[in-house]
Amino acid sequence: MQVTVSRKAHFNAAHRLFKKEWTDKQNEAIFGKCANPHYHGHNYELIVHVTGKIDPETGYVMDMKVLKDLIKAEVEELLDHKNLNEQVAEFFDLIPTAENIAVVIYNKLKPHLNKAHTLSVTLYETPRNFVTFSG
Ligand code: NI
């Protein structure tokens, strides 16, 4: 029997979507307002889902306090109030789209989880636009 537990978190970050190899015009054509050379911010909402068996000892899949602290240490410390392009090494050569941010978050969290657990990360860039990465 597999049960999914989920924890919500949020962070604010600035980014710019652009490819160095492209002209400003090409970048604007593909990335629209997100190509703005002066950057802009998003209030990102994150939902981390962990799926596994209920531990008969505790009745938990995993201790949510542990998950909360892990998200704080690995994600919020890394991304909150940062300029993703300029300050976060993971995005020096990776366009900080919601898709890529979700993959980076997944890769930060996965090594710290029980190997028997399945991780899925949902990241809202706006209330209407969100992406999910499950490995
Ligand atoms: Ni944007």
(message) Based on this model, can you work out whether Lys19 counts as part of a helix (DSSP H, G or I) and touching a residue at least 12 places away in the same chain (Cβ under 8 Å)?
(response) no
(request) Taking the residues in segment 56-70 that are part of a helix (DSSP H, G or I) and without any contact (Cβ under 8 Å) to a residue 24 or more places away in the chain as candidates, determine which candidate is surrounded by the fewest Cβ atoms within 10 Å (Cβ to Cβ). (result) Lys65
(message) Whether any residue in segment 33-55 is among the charged types (D, E, K, R), part of a helix (DSSP H, G or I) and over 22 Å from Glu77 (Cβ atoms) is what I want to check.
(response) yes
(request) Check Thr126, Thr118, Thr132 and return the single one that is surrounded by fewer than 18 Cβ atoms within 10 Å (Cβ to Cβ), under 10 Å from the mean Cα position of the chain (by Cα) and touching a residue at least 12 places away in the same chain (Cβ under 8 Å). (result) Thr132
(request) Can you work out which of the residues in segment 12-24 that are surrounded by fewer than 17 Cβ atoms within 10 Å (Cβ to Cβ) and of a type in the set (Lys, Arg) is nearest to the ligand (Cβ to nearest atom)? (result) Lys19
(message) Quick test for you: out of Ala102, Ala116, Ala73, pick the one residue that is outside any strand (DSSP E or B), within 16 Å of the ligand (Cβ to nearest atom) and under 20 Å from Val5 (Cβ atoms).
(response) Ala102
(request) Considering every residue within segment 77-91, establish whether at least one is under 16 Å from Thr122 (Cα atoms) and not small (Gly, Ala, Ser). (result) yes
(request) Kindly list, by first and then second residue, each pair from a residue in segment 27-45 that is among the charged types (D, E, K, R) to a residue that is away from the ligand (no atom under 13 Å from the Cβ), limited to pairs with Cβ atoms under 7 Å and residues at least 6 apart or on different chains. (result) Glu45/Lys8; Glu45/His10
(message) Given (1) touching a strand residue (DSSP E or B) at 6+ places or on another chain (Cβ under 8 Å); (2) under 20 Å from Gln2 (Cβ atoms), identify the lone condition not met by Gly59.
(response) (1)
(message) Suppose we keep only residues that are charged (D, E, K, R) and closer than 18 Å to Phe11 by Cβ within segment 25-69. Which one would you say is nearest to the ligand (Cβ to nearest atom)?
(response) Glu45
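Computed from the coordinates by the stated procedures, all read-outs in this text should not be read as laboratory data. Small disclaimer: the values here were computed from a predicted structure and weren't measured. Here the Cβ is made from the backbone with ideal geometry for all residues, glycine too, and neighbour counts use every protein chain on show.
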